[in-house]
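Report on one structure; see the data block that follows.
The values are calculated or read from the model by the stated rules, or taken from the named source; none is laboratory data. Just so we're clear, the structure is a prediction, and the values are computed from it rather than from any experiment. Reconstructed Cβ throughout: ideal geometry from the backbone, glycine too, with neighbour counts over all protein chains shown.
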Amino acid sequence: MGNEMNAAYLRSELMLCMEVASEGSKEKHIVFARSQNWPTSIDFKKLPNRIVLMKDELTKLFTDRKAQVDTIVHQQLLENLIEQNLGSTLQKLAKVKIVPLAVHEYARPG
């Protein structure tokens, strides 16, 4: 029972550390978003009109490789790859059997 409690304690410590790191990262991204005059919360009533107004930009994200690479999401992915010693392209990531948690966390929307 002692080992189980130790393992549970270590898991909770790890989860707490990950949450603190995640919150620090969120704050960094909020500061960046504000510097770009981007919204930092979602106004769901205004969202449909914003999507219509951004149609051309959003279409590029699906069709233009350069537009995809220039996004903050892609840049953050590359930063995470470097931090995980997976290089600065997607080539090494494509070869790993288990995606590192730090990379996986940023892959989730929201």
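Tabulated results
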| item | result |
| --- | --- |
| I51 within 21 Å of I30 (Cα to Cα), touching a helix residue (DSSP H, G or I) at 6+ places or on another chain (Cβ under 8 Å) and at pLDDT 80 or above | yes |
| Residue count for segment 63-87, restricted to those that are of a type in the set (D, E), under 19 Å from W38 (Cβ atoms) and not in a helix (DSSP H, G or I) | 1 |
| Of all residues making up segment 40-54, the number that are over 22 Å from the mean Cα position of the chain (by Cα) and part of a loop (DSSP other than H, G, I, E, B) | 2 |
| Filter result for the condition that a residue is modelled with pLDDT of 65 or more, among the β-branched types (V, I, T) and closer than 25 Å to S88 by Cα, over I72, I42 | I72 |
| Subset of segment 28-39 [at pLDDT below 80 and either loosely packed, with under 10 Cβ neighbours inside 10 Å or touching a Cys at 6+ places or on another chain (Cβ under 9 Å) (or both)] | none |
| Per-region count, segment 88-101, residues farther than 20 Å from R65 by Cα and in a loop (DSSP other than H, G, I, E, B) | 5 |
